[in-house]
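What follows is a set of notes on a single structure, which appears directly below.
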Amino acid sequence: MMRFLLARLGEVLGVMLSVSFLIYLVLEHDAASVAVKVIGQYSTETQRALWLTENGYDAPFLQRYVNWLWRFVRGDWGSSVHYRELVSVLLPQYLSRTAILAGTAFALIVPLAFIFGIAAGVREGSIADRVISFIAVGTTSVPEFASAVFLSAIFVFWLGVLPGASMMTNGFEWQQLVLPVMVIVLYDFGYVARMVRASMAEVMAQPYIRTALMKGASPARIVFRHALRNALVAPITVIMLQIPWLISGVLVTEVFFAYKGFGTLLYQACLNSDVALIEACAMTSVCVIVTTQLISDLLYTTLNPRIRFGIRKGEA
Amino acid sequence: MRALGRALRRPASAIGFAMVALWVVCAIFAPWLAPYDPLKSQVPLQMPFERAPDGGVFWLGTDLLGRDILSRLIYGARTVVFWAGVAASSAYIVGITGGLCAGFYRGITDRVLSFLANVVLSFPVLVLYILIIVTLGASGLNIVLAVTFASAPAIFRIVRALSIDIASRDFVSAAITQGENAARIMLVDILPNATGPLVVDACLRLGYIAITIGTLGFLGLGLPPPTPDWGGMVNEGRGMAMVFPHLVVFPCIAISSLMLGLSLLADGLREASRAGAKA
Amino acid sequence: MRAAVAIEKLSVALPSDGDRPFAVEEISLEVAKGEILCVVGESGSGKSVLASAIMGALPHGLRHAEGRIIFGGRDIAALPEQELRAIRGRHIAMIFQEPMAALNPAIRIGEQIAEILEIHEPEMPRAEREARALALMREMQLPDPETIARRYPHEISGGQCQRVVIAMALAWNPSLLIADEPTTALDVTTQAQILKLIKALRDEHGHGVLFVTHDFGVVADIADRVAVMQRGRLVEIGPVAQVLNDPVHPYTKQLIAAVPSLIPRARPEPAEAPALRLEGVSRFFGPLRAVDDVTFDVPSGGTVAIVGESGSGKSTLAKAVIRLLAPNAGRTLIEDVDFARLSGRELMRRRRLIQMVFQDPFGSLNPNRTVGAMLTRAGVLGGLEAGEAKAQAAELLDLVGLQREALERKPEAFSGGQRQRIGIARALAMRPSIIVADEAVSALDVSVQRQVLELLERLQRDRGLTMLFITHDLRVAAGIADRIAVMQRGRVVEFGPAVQVLLNPAHPYTVELVAAAPGREWQSAQRAAQAQ
């Protein structure tokens, strides 16, 4: 177990290093363009040359990379050109707001997906299954920007019960979270529900369910005592992998509702070619993804040995 | 192919197929189907069914700049179908090649390829695309590049898992004992038997790519205007959506129907190949 | 004796796309209390459907068409689900073929056994449940029940799993036990133990047993009465001695005649020069010695059968010989060249000398290729020109008894036996001198097995082929082998002429294997009767 953990951690580090190299390569291999982006298009040659020397861009690429990596690891993430602030101050603020949004959405998606998925998978092909599957397919077909438009039209303009933007200028107001959360939940729960359904349907077809039936078990006992324990393992990994999606995939929703979260930050950084900010955002999202993958692998292996069958006959 | 036939017998997948086919037809035959030039400004902000200056009808109305929305939808299908198709094809070529090699050879080949896939998989699509846009600028080709990067590792994983499973079957062992060369084993024995799940995946993936292209268009990061782009249309029109809902409703319906059609088709194909396997 | 269950004209309908309208057609039979009734048939006979129908556990798509099932004075086929539940597990119990798959992998053994007590008597206190569960395990002769009770199914062996399943089935002393091929997935020695257990339990508790099987040897060993099924219908039923020794229906006669004997037939002495020599062949997987220092010769034109149970290493040995795996040590000499050490082009050239026929008819042919394409390609790899290879493909089909139209078709159009023939044709396409058959008939029905074995023998005679035949079934080995190698845990524990190994085994493991083969007494009695 320890060996497995260490091996995976090593792999994670390897991935992060490669990723950081790629990011730096893509964004800063051309030193001249970096200067343009930071100081602005209207700067002169001399100004740029001066800036480059001051900031260590005369050194060869690899050395610059190492320097940057060293600074980055120590928490020095540079300054945002657009926001005129230290990235290390900006990022946590915006990230925490996204965490609130994503967390709320997550807290709704998981129970919804499980309830619907289990109800659908228990009896494959039943009316419940067909209806739920249709709802799931339908909701995941509508992209976030489309549902954002429609939900806004209904709740903001027609019914007038919710605010149209979520800028949180007067501190935290929960009403401003409702629409963004709705959009996210609507788009994602269908996908997770279908994974749960598939896992459930597969388990219900297993021989040990038939054994339970032959013992005289009631349907409730079969589902709750026998099926669920085995059906929930695979969806857990899927659910863990929703977390990284929730961090960056909500970009559209955040931009639409002007919610000052991580996605908006990344979007602005992109529009403004804000190199330092992009670097930090990219590294952060990669870090989140890699960490959740690791946790999900760990969860799967701890839950899995109970599921692994052994020996087939005649295999020797 | 037979799976397709079986799938079409179910009403849900038949509807899905029809929806997809509709947009593909629009994409291919756009110049003949569209009543007007999608880039030509005529009368701004006409409601649906209003008359056009030349005597025809703006079936879906016109947008802010006076361009016929129906024509823009039809040409927009061309944009989406074409670029999503190209991006998906490129991703599949990369993913399938890598997956077959990793799954068949295993060992060091597998470990290196899997590591590379993991590195790329740690980038979310939008972050990847933003990186590319910032450095290379926005264009169709760059979208293809970003999508290939983003999708190929997932496809690699699927193909690799399928290859490992198929390679454990006896007919692959038979080919090995006959001295068949690796390339032929991969292409004749393994790949054709993996097409079932891959086709199902392809339908869904095309849909997700189409949505990504739409989203990028919505964010203003997609293909540069004035190329008709469903996402871009929603973005342009959203300020006036309350008074002129037709500006956003129709493009939203377009993209949702394409994705829905692909999803229904994928589900139908999956059920059909399961039924076929049981027989 | 009163009947435990009486089935009256039962018919179960298949879905409209099935190959016949009824899975089970107008079957009437009774199982008396205290008797073991064996239901025998080949695959597709409907015997499993019959067993499932009694418990109301028909698979999806099949439905009860007509007939009654009388149990405890009531027609249980007409009972609503809720009342059936009270009967299941308590008065009628059922056990199935794959023991490990039948247990929930996420729940401990002890808890699973206790559950059946809880279901039918929820007020029983927990301590009593657990004590009774342990007592049941002891009755099933499970060693160290306390430890096993805390384990999970994948941590115990197949035989132990089946004992657990039987414990659950008999917990409430049902009047009827339905057993659907409960020993088919087990090793022959384990099978012998489980059969003994079932008989002993029946003697002790006096319940009726409906035992479904395809193996007449098993029938001979445990049945009181036998019912023979063919394509959904009951063709013969009667006391076991009568049906086995004096069958009436032609189908029954055909089935019994197809059961191979344990006595090897007299075979001509094979030529001495070995075509294949194994010297110290070993293959390890980490600390596991799957194949450990195997040495023997295979005479040219003769057949050596490698016999063993699961885990014996016989399949690994086959793979090592044919270079699907590389042996870690030892030499494999074919035509005096060490096949195990070849590589690259030399290996490719010599591969045509030794070819393999595989076990699973459904996994050994590429579903997406036509038979013609497969055979032609094999011919080309064997050195022929494309045109010659095509012609040879047609000839090969003639040789194995298939129509030439088969060239255009894909494997899905053929039955299991036909696919094995195609596999044999493919193996012959490269004109090898040695054929390795890895459990080549194990997945086939007994009558089809016989045909395929006869085909192999004929081909061997006509072409002077050398055969290495892997099997777990001593009877198959008896029918086809000149020499037999018995493997246990990677080592060859006995090797010698078939007659000697089977009739006069030296090693204790071989003795155990031969003794465990079901139906021995019946077959020796048959032979004795025939001799007179």
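The values are calculated or read from the model by the stated rules, or taken from the named source; none is laboratory data. Keep in mind that this is a model prediction, so the values were computed, not measured. Heads up, the Cβs are rebuilt from the backbone with ideal geometry, glycines too, and the neighbour counts pull from every protein chain shown. Please note that ligands, DNA and RNA were not included when accessible areas were found on the heavy atoms of the full protein model with its side chains. Shrake-Rupley method; radii C 1.70, N 1.55, O 1.52, S 1.80 Å.
Taking every full run of DSSP H in chain A, the ones that stretch at least 24 Å from end to end by Cα along their long axis and average -0.5 or higher on the Kyte-Doolittle scale are A:2-28, A:87-122, A:175-204, A:233-248, A:275-303.
Comparing A:SER96, A:SER33, A:SER199 in a Gaussian network model of chain A where C-alpha atoms under 10 Å apart are linked, the largest mean-square fluctuation is found at A:SER33. Take the alpha carbon atoms of the stretch C:408-442, find their center, do the same for the stretch C:191-255, and report the distance between the two centers in whole angstrom. Computed from Cα coordinates, the inter-centre distance equals 33 Å. When the pairs C:LYS33/C:LYS253; C:LYS9/C:LYS410; A:LYS37/A:LYS260; A:LYS37/B:LYS40; C:LYS47/C:LYS199; A:LYS215/C:LYS314 are compared against a 32 Å limit on Cα-Cα distance, C:LYS9/C:LYS410; A:LYS37/B:LYS40; A:LYS215/C:LYS314 fall above it.
Order these peptides, C:275-283, A:184-192, by their mean beta-carbon neighbour count within 10 angstrom, highest first.
Values: C:275-283: 20.4, A:184-192: 23.3.
Descending mean neighbour count gives A:184-192, C:275-283.
Rounded, prolate or oblate: which one fits chain A, using the alpha carbon gyration tensor with axes a ≥ b ≥ c (rounded when a/c is under 1.5, else prolate when a/b beats b/c, else oblate)? Oblate, because a/c is 1.5 or more while a/b does not exceed b/c. What is the Cα centroid distance between the stretch C:297-339 and the stretch C:31-76, reported in whole angstrom? Cα centroid to Cα centroid, the span is 45 Å.
In whole percent, and with a 1.4 Å probe on the protein chains, what portion of the accessible area of the protein assembly as shown is carbon and sulfur? Kindly include the intermediate steps, with their values, before the conclusion.
Values: 28280 of 47770 Å².
Of the solvent-accessible surface of the protein assembly as shown, carbon and sulfur hold 59 percent.
Apply 1/(1 + (r/R0)^6) to the Cβ-Cβ distance of C:ARG341 and B:ALA182, taking R0 = 25 Å, and write down the FRET efficiency to the nearest 0.05. Could you put the intermediate results ahead of the total?
Numbers: r = 21 Å, r/R0 = 0.84.
Calculated transfer efficiency: 0.75.
Protection proxy ranking of A:61-69, C:211-219, by the mean of other Cβ atoms within 10 Å over each peptide's residues and highest first, is C:211-219, A:61-69. Counting, for every residue in C:357-365, the Cβ atoms of other protein chains within 10 Å of its Cβ and taking the mean gives 4.
The sum of -39500 (n - 2.57) across all DSSP H runs of n ≥ 4, divided by the residue count of the protein assembly as shown, sets its helix-only mean residue ellipticity at 222 nm to -18000 deg cm²/dmol. Expressed to the nearest 5 percent, the antiparallel share of DSSP beta bridges inside chain C is 55 percent.
Taking 35 Å as R0, compute the FRET efficiency from the Cβ-Cβ separation of A:LEU159 and A:GLU85 and round it to 0.05.
Values: r = 38 Å, r/R0 = 1.09.
Computed FRET efficiency for A:LEU159 and A:GLU85 comes out at 0.40.
Remark: relative contact order (chain C) = 15 percent; criterion is Cα-Cα distance under 8 angstrom and separation of 6 or more residues. Burial here means at least 20 square angstrom less accessible surface with every protein chain in place than with the chain by itself, probed at 1.4 Å; in the stretch B:172-188 the buried residues are B:SER173, B:ALA174, B:ILE176, B:THR177, B:GLN178, B:GLY179, B:GLU180, B:ARG184, B:VAL188. The stretch C:465-532 and the stretch C:364-387 have Cα centres spaced 36 Å apart.
Compute the accessible area per residue over the protein assembly as shown, keeping the other protein chains in place, probe 1.4 Å, unit Å². Don't skip to the answer; put the middle values down first.
Numbers: 47770 Å² over 1127 residues.
Per-residue accessible area for the protein assembly as shown comes out at 42 Å².
Shown for the stretch A:215-231: residues covered by the partner protein chains by 40 Å² or more of accessible area relative to the chain by itself (probe radius 1.4 Å), namely A:LYS215, A:GLY216, A:ARG221, A:ARG225, A:HIS226, A:ARG229. Buried accessible surface for the A/C pair, both sides summed and rounded to the nearest 100, is 2900 Å² with a 1.4 Å probe.
Against chain C, whose longest principal axis is taken from its Cα atoms, helix C:520-531 shows a tilt of about 70°. Which angle from 0 to 90°, rounded to the nearest 10, does the C-alpha axis of helix C:446-463 make with the longest principal axis of chain C? Taking Cα atoms only, the helix is inclined about 10 degrees. When the Gaussian network model of chain B links Cα atoms closer than 10 Å, the mean-square fluctuations of B:ALA183, B:ALA117, B:ALA266 top out at B:ALA183.
I'd like the interface area for chains B and C: accessible area of each alone minus the complex, both sides summed, 1.4 Å probe, protein heavy atoms only. What is it in Å² to the nearest 100? Spell out each step's value before the answer.
Values: alone 14090 and 23870 Å², together 36290 Å².
Interface between B and C: roughly 1700 Å².
Contact residues in the stretch B:111-127 (at least 20 Å² less accessible area with all protein chains than alone, 1.4 Å probe): B:PHE115, B:ASN118, B:VAL119, B:LEU121, B:SER122, B:PHE123, B:PRO124, B:LEU126, B:VAL127.
Counting only other chains, what is the mean number of Cβ atoms within 10 angstrom of the Cβ of each residue in peptide A:267-279? Can you show the working numbers first?
Values: counts 5, 0, 2, 9, 6, 1, 3, 1, 2, 0, 0, 5, 1.
Average per residue, whole number: 3.
Using a probe radius of 1.4 Å on protein heavy atoms only, what is the accessible area buried between chains B and A, both sides summed, to the nearest 100 Å²? Walk me through the numbers on the way to the answer.
Numbers: alone 14090 and 17960 Å², together 28480 Å².
Counting both chains, the buried surface is close to 3600 Å².
Mean Kyte-Doolittle of at least 0.5 plus a Cα span of 15 Å or more along the axis: flag which DSSP H helices in chain B meet both, please. Membrane-span-like by this rule: B:11-28, B:69-105, B:107-121, B:125-136, B:140-167, B:191-219, B:246-278.
If packing is taken as the average number of other Cβ atoms within 10 Å across a peptide's residues, how do C:324-333, C:180-189 rank, most packed first?
Details: C:324-333: 17.0, C:180-189: 21.0.
Sorting C:324-333, C:180-189 by mean packing, highest first, produces C:180-189, C:324-333.
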